[in-house]
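Student: Have a look at this one.
The values are calculated or read from the model by the stated rules, or taken from the named source; none is laboratory data. As the structure is a computational prediction, the values presented were derived from the model and not from experiment. With ideal geometry, Cβ positions are generated from the backbone for all residues, glycine too; neighbour counts draw on all protein chains shown. Just the protein is used for accessible areas: all its heavy atoms, side chains included, with ligands, DNA and RNA removed. Shrake-Rupley method; radii C 1.70, N 1.55, O 1.52, S 1.80 Å.
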Amino acid sequence: MTTTTKSARSAGVLLHPTSLPGPYGIGDLGPVAFEWIDVLASAGQTWWQILPLGPTGYGDSPYQCFSAFAGNPNLISPEVLARDGLIKAADLPTTHFPADHVDYGPVIQFKQTLLTRAWENFQASGARPLRSAFDAFCSRQASWLDDYSLFMALKEAHEGAGWHAWPADLVLRKPAALEKARRNLTGSIGRQKFGQFLFTRQWTDLKRHAHERGIKLIGDVPIFVSIDSADVWANPDLFQLDEERKPTVVAGVPPDYFSATGQLWGNPHYNWAEMKKSGYAWWIARMKATLAQVDLVRLDHFRGFEASWEIPAENTTAEIGRWVPGPGADLLHALRNGLDGLPLIAEDLGVITPQVEALRDEFHLPGMRILQFAFSGPDNRFLPHHYDRNTVVYTGTHDNDTTVGWYAESSDHERWFLHRYLPSVGKDIAWELLQVAWASVANYAIVPLQDLLSLPTQARMNFPGRPAGNWGWRFTTGQVTPAMIGRLGDLTGLYSRR
C-alpha cells in the first residue's frame, strides 16, 4: 500500500500567486512571494496551496490554459529580471497599476513587452552565464516545449485567434506547414521558450526557499484541458475530435449548487482508449511536470475519472448530457507506478456516487470537505463529526463566496442549523469556522486568505458560470498583520497542526 503523505496533522493557506501584492499589476514570483512564504512559516503553517500555474487563456482562468505543462509568464518577476541583468530599471513601469485587483489587459501587455526586452537583451549578450542553462532547459523539456512554443508563436502570428481559425494545413499539422512556420517564426518561438525558462528558474528558486522554511506546496491539476491549447493541437488522437479536429462532446457538470443550468466548461473529452494504448504516458508526463513544481496535487473534478458528464458540442448549456465511464483504477494504477506513489488530493465535490468514493478509498486519497456546504442537517457529510482523518477540510475554496459573504447570504435554515451545531458562532464567522476546521480530526486544514482577513463577497476569487470578471482579487500590503499571524499560529499550535 502506498501512502499519499505523512499522516501528521497540518495546516495551510490557499492563495494564488496572482493575488500577492506588489507594484506591477499582478502578484509574481519575486521578493513579495518570498516574504509570503516567511509569513506562512512564522504562523506555523505547513502548506501553501495555489491554483494551476499554467499560461491563462480565455477569461484569465487558471483552469483554461494554453498548456498543461507550461508556466504562466505573467508571473515572472520584473525585479528578478533586473537582478539577473536581463532588463534595466528604466524598463520598469512608471504607470500605476491597481493595487487591489488584476487589470489583465494592461498587465499582459506590460509583461509581454518586458519579456521581449529580456529576450532581446539575452540574445545580444552573447555567451552570458544563462546561455548554457537555457540550452539545457530547452533540450530537457523538448517533449512539450517545442510544440508549445510553436503553438504560441502561431497564435501571436494570427493575432491571438484560436487554432481552429488558422489555415487548414496548420490545423491538421501538415509537416510542410509546420516546418515553414518554424523557419518563419524562429524569433517568436525562441522568446516563448525563454519565457518558460525564466518562469521555471524563478519558480524553482521560490520552491527552494519554501522548503528551507518548512513550507510545502499544494498544486492543482484540472482534469480537462482547454480546447485552445497546445495539448489538443499537438495530440489530437488523445481527444474526442471530428475530422476537422473540433470536439464532438464537451465537458461540464449537470445542474448543481452553483448553477441551475449546470456548468458548461467546453473542454474536449479524452479518448481514454487511445491513452490506454501508451500506458497513459501523457497523463504520467503531465503529473511529473506538476510534481516538479509542487509537493502535493489537488486533482480537480476527481469524480470525472470514475464517470464524466458528456455534453453534445453544439449545446449551449450543460443541462442535457450523459454520464460516461472514465478510466478509473486503470489510470490511477498507471500513475502510481509511473510516479512511484500518488501524492494527490481527490477533489470529490459535487455529485459523488459510492463508486467515486470507492475509487478514492481504494488508493487511499484524501478527499475534500467544505464547511460552507455543511449546515443543511445532521447527516451532511461536510459536518466535522462525519470526517475521517484522511481528509482535507476547508472553510471555502476559490469557487466559493468568502465565509463572511456566505454567512451574510445563508438561508434561514442554514443559519438556524449552524447556530444549533455551533451555538457560540456569529461574531467573527470566518475565524470561527477556521477554528472548527483546525479542531477537526482531518489531517489537513486549509483556509483561503480572504477568510483570514474576514473579507466580504467583493474579495471572492471566482463566480462559477460567470464568463468574465473572475480571478482578479489581490490583497494589499499591510492587510496581513502581525496580530493575524500570531492568532493563526496560536490556533495552529493549539490543535497540534505544527
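Student: For the pair A168 and A483, how long in nm is the line joining their label points, each one 7 Å along Cα→Cβ?
Tutor: 6.9 nm
Student: Does segment 63-162 come out rounded, prolate or oblate by the C-alpha gyration tensor, with a ≥ b ≥ c the root eigenvalues, rounded set by a/c under 1.5 and, if not, prolate when a/b is larger than b/c and oblate if not?
Tutor: Note, shape of segment 63-162 comes out oblate.
Student: Also: Dipole magnitude of segment 149-247 about its Cα centre, charges +1 at Lys/Arg Cβ and -1 at Asp/Glu Cβ only, in debye to the nearest 20? Don't skip to the end; give the middle numbers.
Tutor: Working: 15 positive and 13 negative charges, 116 e Å.
Charge dipole, segment 149-247, about its Cα centre: 560 debye, nearest 20.
Student: For segment 40-127, which trypsin sites (Lys or Arg not before Pro) are in a loop by DSSP, counting at most 14 other Cβ atoms within 10 Å?
Tutor: K88
Student: Given the DSSP H assignment, sum -39500 (n - 2.57) over each helix run of at least 4 residues in the chain and divide by its residue total; what's the result at 222 nm in deg cm²/dmol, nearest 500?
Tutor: The helix-only estimate for the chain comes to -12000 deg cm²/dmol at 222 nm.
Student: Could you give the nm distance between label points at R183 and Q355, where each point is 7 Å from its Cα heading toward the beta carbon?
Tutor: A separation of 5.2 nm, rounded to one decimal place.
Student: When Lys and Arg each count +1 and Asp and Glu each count -1, what net charge do the other residues less than 12 Å away from L40, Cβ to Cβ, add up to?
Tutor: Once all neighbours under 12 Å are counted, the net charge is +1.
Student: If you don't mind, another one. Leaving out ligands and nucleic acids, note down the accessible area per residue over the chain with a 1.4 angstrom probe, in whole Å².
Tutor: Working: 20320 Å² over 498 residues.
Accessible area per residue: 41 Å².
Student: Right, something else. With a length cut of 24 Å (Cα positions projected on each helix's long axis) and a Kyte-Doolittle mean of at least -0.5, go through the chain and give me the DSSP H helices that pass.
Tutor: Going by DSSP H runs, the hits are 104-124.
Student: Taking all protein chains in place and a 1.4 Å probe, what share, in percent, of the accessible surface of the chain do carbon and sulfur account for?
Tutor: 52 percent
Student: Something else about it: Report the net charge of residues surrounding E179, where surrounding means a beta-carbon distance below 12 angstrom and charges are Lys +1, Arg +1, Asp -1, Glu -1.
Tutor: +4
Student: Out of [x] 21.3, 74; [y] 22.6, 71; [z] 24.8, 81, which label holds the value of Rg and Dmax of the Cα atoms in Å that was computed here?
Tutor: Of the listed options [x] 21.3, 74; [y] 22.6, 71; [z] 24.8, 81, [y] comes from this structure.
Student: Run the simple label-point estimate for H364 and E244 please: 7 Å along Cα→C-beta, distance reported in nm.
Tutor: Reported label-point gap for H364 and E244 is 5.0 nm.
Student: Residues of segment 194-230 with backbone nitrogen within less than 19 Å of a virtual label 7 Å along the Cα-to-Cβ line of A136, please, listed as ranges.
Tutor: Counting only backbone N, you get 194-209.
Student: Hey, another quick one. Suppose R0 equals 22 Å. What FRET efficiency, 1/(1 + (r/R0)^6) with r the Cβ-Cβ distance, do S278 and D146 give to the nearest 0.05?
Tutor: So the FRET efficiency works out to roughly 0.75.
Student: Okay, next question. If you rank Y58, Y24 by how much accessible surface each has, with a 1.4 Å probe, what is the order from largest down? Walk me through the numbers on the way to the answer.
Tutor: Numbers: Y58 170, Y24 25 Å².
Ranked from most to least accessible, the order is Y58, Y24.
Student: Further question: Where a ≥ b ≥ c are the square roots of the eigenvalues of the C-alpha gyration tensor, would you call segment 122-226 rounded, which needs a/c under 1.5, or, failing that, prolate if a/b is larger than b/c, or oblate? Mind dumping the intermediate values first?
Tutor: On the way: a/c = 2.81, a/b = 1.48, b/c = 1.90.
Oblate.
Student: Here's something else I'd like to know. Which of the lysines could be linked to K88 by a straight reach, that is with a Cα gap under 22 Å, when you skip same-chain ones fewer than 8 residues away?
Tutor: The reachable lysines, counting only those whose Cα sits under 22 Å from K88, are K111, K193.
Student: Next question. Test of understanding: what is the full-extension gain from A439 to T95, defined as 0.36 nm times their sequence separation minus their Cα-Cα distance?
Tutor: Answer, rounded to one decimal: 119.2 nm.
Student: Sticking with this structure for a sec: Just tell me which lysines come within less than 22 Å, Cα to Cα, of K174; anything on the same chain fewer than 8 places away is out.
Tutor: Straight-line reach from K174, under 22 Å: K155, K246.
Student: Which aspartates and glutamates, if any, have their Cα less than 17 Å from the Cα of K180, not counting same-chain residues under 8 positions apart?
Tutor: D146, D147, E156, D169
Student: Please say if segment 348-498 is rounded, prolate or oblate, where rounded means a/c under 1.5 for a ≥ b ≥ c the square roots of the C-alpha gyration tensor eigenvalues, and otherwise the choice is prolate for a/b larger than b/c and oblate otherwise?
Tutor: rounded
Student: Give the distance, in whole Å, between the Cα centre of segment 250-293 and the Cα centre of segment 16-35.
Tutor: If you average the Cα positions of each part, the centres end up 29 Å apart.
Student: How much net charge surrounds L114 when only the other residues with a Cβ under 13 Å from the Cβ of L114 are counted, with Lys and Arg +1 and Asp and Glu -1?
Tutor: -1
Student: Which percentage, to the nearest 5, of the DSSP beta bridges contained in the chain is antiparallel?
Tutor: On the way: 15 of 40 bridges.
Roughly 40 percent of the beta bridges in the chain run antiparallel, per DSSP.
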